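Novice: First the structure, then my questions, so here it is.
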Amino acid sequence: MKISLQWLGRYVNLDGVSVAEITDALPMLGLEVESVAAHGLPALPNVVVGEILSFEKHPNADKLSVCQVATGGAAPRQIVCGAKNFKQGDRVPVALPGAVLPGGFEIKVSKLRDVESCGMMCSARELGIGDDHGGLLILTPRNLPVGSALNDHFPPPDTVFDLAITANRGDALSHIGVARDLAAWFGRELRVPDSGLPTLDGAAGAAAAGAAGAASDAPLVSVSVTSRTCPYYTARSIRGVKIAPSPEWLRRDLEAVGLRPINNVVDITNWVMLETGQPLHAFDAAKIAGATLNIRDAAAGESILLLDGKTVALAPDDCVIADAAKPLVIAGIMGGEDCGVTGDTRDIVLEAAWFDPAAVRRTSRRAAVSTDSSQRFTRDVDPGATDAASRRAAALIAELAGGTIVPGATVVGAPPRAARRIAITGDYVRDRLGVSTTAAGDAEIASVFTRLGFEVKTVGSGNWEVTVPTFRADIERPIDLVEEFTRVHGTGDIAPAPIASPTHTADDAPVTHYTRRAAARLAGRGAAECVHYTLADGKRLARHYGAPLADALALANPLASDQSHVRPSLLPGLLDALRLNLANHNAPRRLFEVGRVFRPGRDGSLRELVAAAFVTLAEPAAPSWKKREPADFYQAKKLALELAADAGIVPARLVWSAEPVPPLFQAGHAGAAKDRAGNAEIFAGLVDARAAAEWDIKHTVVAGEILLTLDNFAAAPKRPRFAEWSPFPPVTRDVALVVDAALTAADAREKVRGAAAKAAGKLFALESVTCFDVYSGASLGEDAAGNARKGLGYTLTFRAADRTLTDDEVNKVFAQILATLEKTPGIAIRR
């Protein structure tokens, strides 16, 4: 938000206050100063008004002219010039030798192509008052005194503060709002202008609008409101306006804060918005079909061509101001080309309204259109200023555009909030700040509240009832008033003191430990971490996860159509990130995210789950000199199991299955696992080729994800204990099995492990069971279901802690293992 110091001077007298003092005060008031810049002609000694007496072509350069210029001396000066937009008798700025122009450029007597030049005639850009560098700045009027200082004919330069306004301070998005805070800080009087027009409740202003009674009393349009987005709408009719350029003071104010002047009516609506914070819109009444304005929700399939030339397709939850035929304005954001004020406009309808901040924010984000108007509506513009801003703009239009105001206004609805009353005492303020009555007496506290525009009423002994106006929607509680007092009074009277507060040393929650370990593990594998919103697009969820799951995850009141559901998985966000990086040629190989997702529980309630997920390109996107083995299902499964182990879930607790295929994964190249307690799910494998194509990813993608209920972290993690390793060598035995087709290698390994652990007992330890061979062939026969059986080979590793194992004792245990396996259904020993 840019604030002009000269403009502020209309509302608060800051004479005697330096720019440095204001710059220091604004951050103390909660208004961060991002930059301070000068606007207008700076002080330029030795820059004067000159008159071009004559000129001729440069003898040695076709594009230069040699001019004779009067600058107030006894004889004219010879100046070489490259501009072409002047004529004899024009008054122009002349920088004499010794002058220093903006940017530190010093003017000296010099020769240009062997012709002496004693100064320089200047363009607007060279003087620092504009961007025009196409020619000289031609001064008007033409009778300015020759030789007079140029600064004598320009207003003093303005100072412009660029402020960062926080979301809760919508009132500070106006010059009056900032002036109010500065008036309170410096103890000055705030002057709020009066339009002179009657208010909506019939009370007369400071003076009646003399032209109002001369026109027809009938408004130019009728108004109807059916959208809940607009609880309060006003429209004023003004007849017979004359569209023309704005006066110099109005143009200067707008240019100082970065707005381009357009015409007197449009400039007035912008100026009043910047003065009061209330956005306004002026309709050309002749362009309103049916002489009616309908504030309604957009119909399906409607679109609008905006003033900036952008066509926006409207959604059913977008609020529009429409005539009898079409939408004219996206409410609170921007008007359309079909209703704007032009040079032919004669009658206008002036809109001032209050629109729901959440609805304006949603539409602005969805349409990717952000304006000064939407910025104010999304920060809860003051509904109490709506009528005042309308009256102010109407009075200025009547003054500057010659219009006649139709008495009264068409009003639908009422302001959505009133002034708020808060009970508070001086002792409460002092107690919260820890100061004495000497540092903050009742009179000082009440004075600060009054200077901020609040009404302070004494109720009983030492009790106040503070009425907070509608422009401060963020003040709701007594503690908010304490903060307001501190903003203005400052913290200098608060004595430094140690904070006495009992503390308890405690370890982080188990879930926090897990997320850190998971992130560290994935980052250690070379993956880059991503962080995404927990909200997702409902249509995409329904497409990939099914409508029942999407319906269960829908928000009751979403702010945007593409963030209407909570996410059930981290993978869609990671695929978004992968697509973006591939499109930008960042050549990502691995991405991961650790966060929260949501799934329905067995009882239908929504459960929040801890999730960790990763995506990996099977092969690098960029060519490499060395061919490496592509990532596959087994690598994804291994990493997913490591993430499960970090949560204390051992593989024996997991039941793997290839059916049904997890969402987003490729059938036949992915698997899913659940632990037996139902507290964890794991997905791993190749991303479905159709899903990758939907994300416009032309590479093979391998992914994995683990979902954990909070029950996994209910108990404190067990401390790892040191186990002494054996110095004695291991003994291995191989076993070959023929198993039914339905039995997975992992399940068969667990059966082998169970048989081996039981047989070894306490004699010695079974260290590992490793699958070294998978074989299929007709020679193995078929199982009872008629499916081809398969062969599996496992290596069993044994070791004792206190001795070297002998073949006899190992063979004895191994024989028991074989006997147990032969009795296991679906398993036979392959001899």
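Novice: Under the rule of at least 5 residues apart or a separate chain, name every residue whose amide H is placed under 5 Å from the amide H of S148.
Specialist: Answer set, sorted by chain and number: V49.
Novice: Order C118, C771 by their accessible area, 1.4 angstrom probe, all chains in place, largest first.
Specialist: Reading off the accessible areas and sorting them downward yields C771, C118.
Novice: Let me ask something additional. Choose one of T804, A552, A692: the residue whose Cα lies farthest towards the positive end of the charge dipole of the chain (beta-carbon charges +1 Lys, Arg; -1 Asp, Glu; about the Cα centre).
Specialist: Comparing the listed Cα positions along the dipole, T804 ranks first.
Novice: Still on this structure: Accessible surface of W185 in the full protein assembly, 1.4 angstrom probe, to the nearest 10 Å²?
Specialist: Number for this one is 70 Å².
Novice: Would you work out which of A473, G290, L522 lies farthest towards the positive end of the dipole of the chain, given +1 charges on the beta-carbon of Lys and Arg and -1 on that of Asp and Glu, about the Cα centre?
Specialist: L522
Novice: Now a separate question. Calculate the dipole size of region 140-181 relative to its Cα centre from +1 charges on Lys and Arg beta carbons and -1 charges on Asp and Glu beta carbons; express the result in debye to the nearest 20.
Specialist: Dipole of region 140-181, to the nearest 20 debye: 120 debye.
Novice: Hey, another quick one. Could you work out what % of the accessible surface of region 604-730 is carbon and sulfur, using a 1.4 angstrom probe and leaving DNA, RNA and ligands out of the count?
Specialist: 57 percent
Novice: Okay, moving on. Measure of size requested: the Rg and Dmax of the chain, with Cα atoms as the atom set and Å as the unit; please supply both.
Specialist: My reading of the Cα-based Rg and Dmax gives 39.2, 126 Å.
Novice: Taking region 697-799, which chymotrypsin sites (Phe, Trp or Tyr not before Pro) meet the DSSP loop condition and have no more than 15 other C-beta atoms within 10 Å?
Specialist: Loop-located and lightly packed - F722, W725.
Novice: If I compute solvent accessible area with a 1.4 Å probe over the protein chains, what percent of it on region 1-94 is carbon and sulfur?
Specialist: Percent of accessible area from carbon and sulfur atoms in region 1-94: 50.
Novice: Rounded, prolate or oblate: which fits region 599-718, taking a ≥ b ≥ c as square roots of the Cα gyration tensor eigenvalues, rounded meaning a/c under 1.5, else prolate when a/b beats b/c?
Specialist: prolate
Novice: Further question: If you fit an axis through the alpha-carbon atoms of helix 19-28 and take the longest principal axis of the Cα set of the chain, what angle between them do you get, 0 to 90°, nearest 10?
Specialist: Tilt of helix 19-28: around 40 degrees.
Novice: Show me, for region 257-272, the HN-Hα J-couplings you get by feeding each phi into the Karplus relation (A = 6.51, B = -1.76, C = 1.60, θ = phi - 60°), rounded to Hz, glycine and proline as x.
Specialist: So the Karplus estimates, Gly and Pro as x, are 9, x, 9, 8, x, 10, 7, 4, 6, 4, 5, 5, 4, 5, 5, 5 Hz.
Novice: Okay, next question. May I ask you to list the aspartates and glutamates whose Cα is less than 19 Å away from that of K310, ignoring any residue fewer than eight positions away on the same chain?
Specialist: Cα-Cα hits under 19 Å: E302, D318, E337, D338, D372.
Novice: Would you mind giving the three semi-axes, in whole Å and largest first, of the ellipsoid equivalent to region 215-300 according to its Cα gyration tensor?
Specialist: In descending order the semi-axes read 27, 18, 11 Å.
Novice: Hey, another quick one. Mind listing the phi-derived Karplus ³J(HN,Hα) values for region 551-560, rounded to whole Hz, using 6.51, -1.76 and 1.60 with θ = phi - 60°, and x for any glycine or proline?
Specialist: Rounded to whole hertz, the list is 4, 5, 9, 6, 7, 6, 9, x, 8, 8.
Novice: With +1 on each Lys and Arg Cβ and -1 on each Asp and Glu Cβ, how big is the dipole of region 1-63 about its Cα centre, in debye rounded to the nearest 20?
Specialist: Here the size comes out at about 220 debye.
Novice: For region 711-831, with every protein chain kept in place, what is the accessible area per residue (1.4 Å probe, Å²)?
Specialist: 63 Å²
Novice: Give me the angle, in degrees from 0 to 90, between the Cα long axis of helix 807-822 and the longest principal axis of the Cα atoms of the chain, rounded to the nearest 10.
Specialist: It works out to around 80 degrees.
Novice: Moving to a separate point now. For region 159-172, in order, what is each residue's ³J(HN,Hα) by Karplus, 6.51 cos²θ - 1.76 cosθ + 1.60 with θ = phi - 60°, in whole Hz (x at glycine and Pro)?
Specialist: Working through the residues one at a time gives 10, 10, 9, 9, 9, 9, 9, 6, 5, 8, 10, x, 5, 7 Hz.
Novice: Same structure again: Straight-line reach only, C-alpha to C-alpha below 17 angstrom: list the aspartates and glutamates that K242 could link to, leaving out same-chain residues fewer than 8 apart.
Specialist: Candidates past the 8-residue exclusion: D267, D284, D344, D347, E399.
Novice: Would you please name the trypsin sites (Lys or Arg not before Pro) within region 233-330 that are DSSP coil residues with at most 14 other C-beta atoms within 10 Å of their C-beta?
Specialist: K242, K310
Novice: Would you list which lysines come within 21 Å of K637, measuring only between C-alpha atoms, while excluding same-chain residues fewer than 8 positions from it?
Specialist: K674, K751
Novice: Let me ask something else about it. Which residues make up the longest stretch of the chain clear of GluC sites (Glu not before Pro) that lie in a DSSP loop with no more than 12 other Cβ atoms within 10 Å, not counting the sites?
Specialist: 190-475
Novice: Additional query: How far apart, in nm, are the 7 Å Cα→Cβ label points at K84 and D696?
Specialist: Using points 7 Å along Cα→Cβ, the separation is 4.5 nm.
Novice: Quick one: compute the contact order of region 477-566, relative version, from alpha carbon pairs under 8 angstrom and 6+ residues apart, as a percent.
Specialist: Relative contact order here is 20 percent.
Novice: Quick one: if you stick a label point 7 Å off each Cα along the C-beta vector at A583 and I138, how many nm between them?
Specialist: Spacing of the two 7 Å Cα→Cβ label points: 4.9 nm.
Novice: Could I ask something else about it? Using the Cα centre as the reference, give the magnitude of the dipole from point charges on the C-beta atoms of the chain (Lys, Arg: +1; Asp, Glu: -1; all else neutral), rounded to the nearest 20 debye.
Specialist: Dipole about the Cα centre, nearest 20: 2440 debye.
Novice: Can you run the Rg to Rh ratio on region 447-557? Use alpha carbon positions and the Kirkwood inverse-distance Rh.
Specialist: With Rg and the Kirkwood Rh in hand, the quotient comes to 1.22.
Novice: How far is helix 745-760 tilted off the main Cα axis of the chain, in degrees rounded to 10, range 0 to 90?
Specialist: 50 degrees
Novice: I would also like to ask the following. Which entries in the list K626/K698; K57/K87; K758/K812 go over 23 Å, if you measure between the two C-alpha atoms of each?
Specialist: none
Novice: What chymotrypsin sites (Phe, Trp or Tyr not before Pro) does region 589-666 have in DSSP loop regions with at most 16 other beta carbons within 10 Å?
Specialist: W625
Novice: What number, in percent, do you get for the relative contact order of the chain if the mean sequence gap of Cα pairs under 8 Å and at least 6 apart is divided by its residue count?
Specialist: Normalised by residue count, the contact order of the chain is 8 percent.
The values are calculated or read from the model by the stated rules, or taken from the named source; none is laboratory data. Keep in mind that what you see is a predicted model, and the values were worked out from it rather than measured. With ideal geometry, Cβ positions are generated from the backbone for all residues, glycine too; neighbour counts draw on all protein chains shown. Surface areas here come from the heavy atoms of the whole protein model, side chains and all, with no ligands, DNA or RNA. Shrake-Rupley method; radii C 1.70, N 1.55, O 1.52, S 1.80 Å.
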